[in-house]
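Accompanying notes for the structure given below.
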Amino acid sequence: AAYPRGVDDWIEHRRPGDKEIVGWIVLDGDDVTAIDRLGRPIWHGNDYLEAEQALEDHGIGWLADLWQLTLPDARVRRVRIVEVTPQGIRVKEDDFGDVTASLTIHSVPFPAPPELVPFQGDAGVIESL
């Protein structure tokens, strides 16, 4: 996605209690855009306080959900997000709770590419997509 300025010009928005980053606000003239932790726009308008509220309402709990990543060879992997920074996003293939499983980590750019989306399969089925 093209934004008016680079991520260095985005304004961090943090939760009041623990100061965790929930997203950013991008200003472009009178336009205000709320950007979630994956670097994706979630709200657009001209009211800064509404942008802050959109980020608060959106939160960050959804980052812990199951995701799926389509690899360059078109294989789809069930993944969990392990790290998100403006320098990149790291996801691990879902180990289905097996602490002995070896982790396959994939790095994707920030903002998150369209290949990383919420999991679309049956979360109760323990098998690859």
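Phi-derived couplings, Karplus 6.51 cos²θ - 1.76 cosθ + 1.60 at θ = phi - 60°, listed residue by residue for region 10-22: 6, 9, 5, 10, 10, 5, x, x, 9, 6, 5, 5, 9 Hz, with x used for Gly and Pro. Computed from Cα atoms alone, the Kirkwood hydrodynamic radius reported for the chain is 15.9 Å. Between Asp57 and Ile11, the contour length at 0.36 nm per residue exceeds the alpha carbon distance by 14.8 nm.
Heavy-atom surface analysis with a 1.4 Å probe gives the chain a carbon and sulfur content of 49 percent of its accessible area.
Write down the accessible area per residue of the chain in Å², having rolled a 1.4 Å probe over the full set of protein chains.
On a per-residue basis, the chain sits at 58 Å².
Placing pseudo-labels 7 Å out from each Cα toward the beta carbon at Val125 and Gln87 gives an inter-label distance of 3.8 nm. For Ile42, the residues whose modelled amide H falls within less than 5 Å of its own, excluding neighbours fewer than 5 places apart on the same chain, are Ala34, Ile35, Asp36.
Scalar couplings 3J(HN,Hα) for region 54-67, obtained by applying the Karplus form with A = 6.51, B = -1.76, C = 1.60 to θ = phi - 60°, are 4, 5, 4, 5, 6, x, 9, x, 5, 5, 7, 5, 6, 10 Hz; x denotes Gly and Pro. Sequence-ordered 3J(HN,Hα) estimates for region 35-48 from the Karplus curve with 6.51, -1.76 and 1.60 and θ = phi - 60° stand at 10, 7, 5, 8, x, 9, x, 10, 7, 9, x, 9, 10, 4 Hz, glycine and proline given as x. When shorter helices are ignored and each DSSP H run of at least 4 residues is given -39500 (n - 2.57), the per-residue value for the chain at 222 nm works out to -2500 deg cm²/dmol.
Taking amide H as placed 1.01 Å from N in the peptide plane, the amide H of Gly23 sits under 5 Å from that of His13, each at least 5 places away or on another chain.
The values are calculated or read from the model by the stated rules, or taken from the named source; none is laboratory data. On a predicted model such as this, the values are computed, not experimentally measured, just so you know. Positions of Cβ are generated from backbone atoms using ideal geometry, with glycine treated the same way; all protein chains shown enter the neighbour counts. The accessibility values were calculated without ligands, DNA or RNA, using every heavy atom of the protein model including side chains. Shrake-Rupley method; radii C 1.70, N 1.55, O 1.52, S 1.80 Å.
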